[in-house]
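*Asks:* Before I ask anything, let me first share the structure, which is written out below as structure tokens.
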Amino acid sequence: MDVLFDASDFDRVAKIYQRMPADLQKIAFRRAAGRARSVVERDYARFASRTLKIAQKLVKERMKSQLTGTDNILDVKSTQIPLHEMGAQQRGYGVYVRGRSRYEHAFIAKQSSKRAAGLVLLRKGKDRTPTMMLFGPNPANAINRKPADYEDILAEIAAGEFAKTILQQAEYLLGRAG
């Protein structure tokens with residue numbers, strides 16, 4: 001189901017919103033902004049998880065969003081996901097991560113080393129040490145490559161959800177007030 005808005009819809013929302021008392025305007029705005037923010041987060045997590053072939057949970061953990069003044073800001077942290085969080089499995093040749101690939105000569109640290117227990121490590125040289133931790137994809141990488149595309153898509157989603165929620169809140173709040 002597609003929701004389409006034209007300029008007359010936004011004019012109608014603006015008129016209803018302006019007739020509301022100031023305290024109800026603040027409540028409606030905050031609820032609509034919060035709803036728009038959560039929808040944008042959800043949609044980006046869905047898209048990024050499909051693109052990167054990882055769980056949405058891993059993307060959502062690296063996102064933070066906030067409402068500042070009249071702006072919704074979605075910030076996708078630029079951190080790579082450690083392989084141990086992606087369900088790495090030890091195999092004879094190294095480590096395998098479903099949906100990603102195989103990492104030869106890598107290993108999952110045993111419980112004996114408490115600091116590194118469960119982490120996926122790779123030996124740097126022929127000796128047993130030093131080792132380095134292995135990471136998977138970076139959820140923010142797609143946005144960093146083509147920011148304009150994502151900004152347009154996410155802004156359109158946010159605007160549509162904001163307008164729809166403002167109308168719902170106006171009807172709900174005015175119905176309770178009157």
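*Asks:* Take the residues of the stretch 19-56 that are among the β-branched types (Val, Ile, Thr) and surrounded by fewer than 19 Cβ atoms within 10 Å (Cβ to Cβ): which is farthest from GLU85 (Cα to Cα)? Quick ask: steps written out before the conclusion?
*Replies:* Start the filter on the stretch 19-56 by keeping residues that are among the β-branched types (Val, Ile, Thr), which leaves 27, 39-40, 51, 54.
Still in the list and also surrounded by fewer than 19 Cβ atoms within 10 Å (Cβ to Cβ): 27, 39, 51.
Numbers: ILE27: 39, VAL39: 25, THR51: 18 Å.
Looking at the filtered set, the residue picked out is ILE27.
*Asks:* Looking only at residues that are of a type in the set (Gly, Ala, Ser) and over 14 Å from PHE135 (Cα atoms) in the stretch 104-115, which one is farthest from the chain's Cα centre (by Cα)?
*Replies:* Residues of the stretch 104-115 of a type in the set (Gly, Ala, Ser): 106, 109, 112-113.
Remaining after also requiring over 14 Å from PHE135 (Cα atoms): 109, 112-113.
Details: ALA109: 29, SER112: 35, SER113: 33 Å.
Result: SER112.
*Asks:* Consider ALA148 carefully, then state whether it is modelled with pLDDT under 80, in a helix (DSSP H, G or I) and surrounded by fewer than 13 Cβ atoms within 10 Å (Cβ to Cβ). Don't jump to the end; show me each part of the working.
*Replies:* Numbers: modelled with pLDDT under 80: yes; in a helix (DSSP H, G or I): yes; surrounded by fewer than 13 Cβ atoms within 10 Å (Cβ to Cβ): yes.
Yes.
*Asks:* In addition: When you look at ALA48, is it farther than 15 Å from GLY160 by Cα, in contact (Cβ under 8 Å) with a residue 24 or more places away in the chain, part of a helix (DSSP H, G or I) and not β-branched (Val, Ile, Thr), yes or no?
*Replies:* yes
*Asks:* So, in the stretch 56-76, of the ones that are assigned to a loop (DSSP other than H, G, I, E, B) and charged (D, E, K, R), which residue ends up modelled with the highest pLDDT?
*Replies:* The extreme case among them is GLU61.
*Asks:* Right, something else. Output the residues belonging to the stretch 77-103 that are over 25 Å from the mean Cα position of the chain (by Cα) and not in a loop (DSSP other than H, G, I, E, B).
*Replies:* Answer for the stretch 77-103, where residues must be over 25 Å from the mean Cα position of the chain (by Cα) and not in a loop (DSSP other than H, G, I, E, B): GLN89, GLN90, GLY94, VAL95, TYR96, ARG102, TYR103.
The values are calculated or read from the model by the stated rules, or taken from the named source; none is laboratory data. If you're wondering where the values come from, they're calculated on a predicted model, not measured in any experiment. Neighbour counts run over all protein chains shown; Cβ positions are idealised from the backbone, glycine included.
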